[in-house]
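Enquirer: Dropping a structure here in structure tokens format, bear with me for questions.
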Amino acid sequence: MNLTPLKMSKLKNRYVDIAVSLVIATIIILNYKSEGFNSINLTEKSDKTISQKPSEYLYGFNVDSFHIEKNHVIKKNEFFGNILSSNGLTSNLILLLEHEAKDIFNVRNIRPGQKYHVIKKNECDDTPVAIIYEPDRMKYVLYDFRDSVQVKLVEKEVHKCEEFAYGKIETSLWKALEDKGINPGVIDLMEDALSSSVDFYHTRKGDEFKLIFENQYVDGELVGMGKLIAACYTNENGENYSMLYKTKGEEGYFDAEGRPAKKAFLKAPVKFSRISSNYNLRRFHPIKGKTIPHLGTDYAAPHGTEIRSVSDGVVTASAYTSGNGKFVKIKHDNVYETQYLHMSRFAKGIRLGVRVKQGQTIGYVGSTGLSTGPHVCFRFWKNGRQVNHLKEKLPTAKPMNVTELPQFFKFRDEMVFKLNQIKTKDESMVANTNSDGTMINP
């Protein structure tokens with residue numbers, strides 16, 4: 001077959017095109033296979049990574065590497081030495097443990113009904129490598145016998161969870177909180193937060209409250225309340241807001257306008273008590289049997305009730321006399337002083353020269369000295385003269401600096417928005433928050 005030069009050129013170009021196409025196709029196929037292989041390897045690697053569970057630790061021991069016998073209970077008349085001995089520890093090791101523990105935790109303080117846990121290298125071992133004792137839910141004592149004898153008191157990690165609650169009063173505030181499954185101890189926090197606008201001694205049916213507060217959890221168990229973050233109490237006077245806010249000076253509660261919730265002086269040195277004897281210049285003394293001026297106000301309360309300082313100040317006396325019994329006196333400034341009589345005992349650390357904060361426990365109700373029953377006689381000085389504090393016009397608390405108000409109002413609006421999201425249905429409702437601050441089931 002005779003081909004013209006033109007036909008030969010076209011045929012040559014066609015072969016070149018076919019060859020180039022084959023090369024390109026080969027490269028694509030090889031690349032695809034390579035990517036597929038890598039993809040499979042990556043997937044396998046990813047699956048392996050996902051399947052690897054993180055190590056779980058309990059009381060500082062890897063549960064995969066140690067055998068942990070949990071929740072042994074201390075029996076009545078059982079001593080810690082008996083527990084150690086029954087677990088194979090020698091007398092010398094027990095004496096050494098007691099010596100190491102003396103400044104950390106006294107083994108004589110163990111109590112029946114409390115828990116301890118035995119840690120072994122494996123289930124078949126007779127002798128443990130450590131014993132854990134839990135005096136309460138917030139901490140544990142580690143008795144470690146591995147390398148050298150060590151005793152440690154370990155505070156457990158406390159997780160704080162922000163929670164929300166709503167309630168309506170039918171009979172009492174206490175009952176309303178109890179019906180909602182809320183710790184009634186929040187009443188004390190509400191009193192601190194709303195003391196300037198709400199009288200909690202005279203709540204009424206139909207009053208409503210919304211709360212944002214912290215609950216504290218240890219090992220997934222509720223162990224107590226934290227701070228009250230914000231509150232709204234609605235009564236005949238309308239909505240009363242209060243929120244916890246930290247200024248440049250200190251942390252405290254403020255109303256919606258930025259005014260401090262607390263006053264310079266608390267109304268009484270004991271909570272939820274009653275006045276058993278007023279300030280009276282012509283009172284008949286029940287023990288001495290004659291008329292003697294009573295220059296204080298008596299607050300009757302159960303023996304052991306906490307007595308609190310009514311304002312910030314410095315302790316000028318922490319002593320005992322035959323008439324006053326155990327008493328504390330506090331100087332608040334150049335004008336005001338207070339005194340608290342007939343205590344059963346002083347609070348820890350309360351002594352001459354110590355600075356105390358408003359609401360701080362300084363002692364406990366008793367009937368020491370000349371007293372007919374458990375109460376605290378509260379005395380109040382103004383410019384060196386005893387006066388009736390219930391009739392005094394006392395100074396107000398220091399207001400927030402005006403330069404801080406814009407930032408506070410921004411925070412207030414966030415809290416009010418959160419409070420307004422809380423359900424107001426009659427059923428019990430305590431809602432948690434997600435990590436981003438949004439409500440779960442608002």
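The values are calculated or read from the model by the stated rules, or taken from the named source; none is laboratory data. Just so it is clear, the model here is predicted, and its values are computed rather than measured. Backbone-built Cβ (ideal geometry, glycine too); neighbour counts: all protein chains shown. Ligands, DNA and RNA are excluded from the accessible area calculation, which covers all protein heavy atoms including side chains. Shrake-Rupley method; radii C 1.70, N 1.55, O 1.52, S 1.80 Å.
Enquirer: Only one of (1) modelled with pLDDT of 85 or more; (2) over 26 Å from residue 216 (Cα atoms); (3) of a type in the set (Ser, Thr, Tyr) is not met by residue 127, so which one is it?
Expert: The number of the failed condition is (1).
Enquirer: Write out, first by first residue and then by second, each pair whose Cβ atoms fall under 8 Å of each other, whose residues are 6+ apart or on separate chains, and whose first residue, in the stretch 177-204, is on the phi < 0 side of the Ramachandran plot and hydrophobic (A, V, I, L, M, F, W, C) while the second is open to solvent by 50 Å² or more (accessible area, probe 1.4 Å) and in a helix (DSSP H, G or I).
Expert: These pairs meet every condition: 187/174.
Enquirer: Only residues that are assigned to a strand (DSSP E or B), aliphatic (A, V, I, L, M) and either open to solvent by 40 Å² or more (accessible area, probe 1.4 Å) or under 12 Å from residue 305 (Cβ atoms) (or both): list them for the stretch 342-373, please.
Expert: Once the filter is applied, which keeps residues that are assigned to a strand (DSSP E or B), aliphatic (A, V, I, L, M) and either open to solvent by 40 Å² or more (accessible area, probe 1.4 Å) or under 12 Å from residue 305 (Cβ atoms) (or both), the stretch 342-373 yields 343, 365.
Enquirer: Quick one: residue 207 ticks every box in (1) of a type outside the set (A, V, I, L, M, F, W, C); (2) surrounded by fewer than 13 Cβ atoms within 10 Å (Cβ to Cβ); (3) in contact with a helix residue (DSSP H, G or I) (Cβ under 8 Å, 6 or more places away or on another chain) bar one, so which box is it?
Expert: Going through the list (1) of a type outside the set (A, V, I, L, M, F, W, C); (2) surrounded by fewer than 13 Cβ atoms within 10 Å (Cβ to Cβ); (3) in contact with a helix residue (DSSP H, G or I) (Cβ under 8 Å, 6 or more places away or on another chain), residue 207 breaks only (2).
Enquirer: Would you pick out the residues in the stretch 142-170 that are open to solvent by less than 90 Å² (accessible area, probe 1.4 Å), farther than 21 Å from residue 224 by Cα and either hydroxyl-bearing (Ser, Thr, Tyr) or part of a strand (DSSP E or B) (or both)?
Expert: 142, 143, 144, 148, 150, 151, 168 - these are the residues of the stretch 142-170 that are open to solvent by less than 90 Å² (accessible area, probe 1.4 Å), farther than 21 Å from residue 224 by Cα and either hydroxyl-bearing (Ser, Thr, Tyr) or part of a strand (DSSP E or B) (or both).
Enquirer: Still on this structure, I have one more. Only one of 198, 218 is at pLDDT below 90, among the β-branched types (Val, Ile, Thr) and over 21 Å from the mean Cα position of the chain (by Cα); which?
Expert: That would be 198, the only listed residue that is at pLDDT below 90, among the β-branched types (Val, Ile, Thr) and over 21 Å from the mean Cα position of the chain (by Cα).
Enquirer: For the stretch 279-319, what are the residues that are at pLDDT 55 or above, farther than 17 Å from residue 374 by Cβ and touching a Ser or Thr at 6+ places or on another chain (Cβ under 7 Å)?
Expert: Once the filter is applied, which keeps residues that are at pLDDT 55 or above, farther than 17 Å from residue 374 by Cβ and touching a Ser or Thr at 6+ places or on another chain (Cβ under 7 Å), the stretch 279-319 yields 294, 310.
Enquirer: Tell me yes or no: at least one residue of the stretch 171-181 is loosely packed, with under 13 Cβ neighbours inside 10 Å and under 27 Å from residue 219 (Cβ atoms).
Expert: Yes; the residues of the stretch 171-181 include at least one that is loosely packed, with under 13 Cβ neighbours inside 10 Å and under 27 Å from residue 219 (Cβ atoms).
Enquirer: Where residues in the stretch 330-341 are open to solvent by less than 40 Å² (accessible area, probe 1.4 Å) and of a type in the set (S, T, N, Q), which of them is nearest to residue 298 (Cα to Cα)?
Expert: Result: 339.
Enquirer: Taking the stretch 66-95 on its own, how many of its residues are outside any helix (DSSP H, G or I) and either crowded, with 16+ Cβ neighbours inside 10 Å or in contact (Cβ under 8 Å) with a residue 40 or more places away in the chain (or both)?
Expert: Total meeting the criteria: 12.
Enquirer: I want to confirm something. Restricting to the stretch 59-74 and keeping residues that are out of contact with any Leu (no Cβ under 8 Å at 6 or more places or on another chain) and of a type in the set (Val, Ile, Thr), which single residue is nearest to residue 128 (Cα to Cα)?
Expert: Selected residue: 63.
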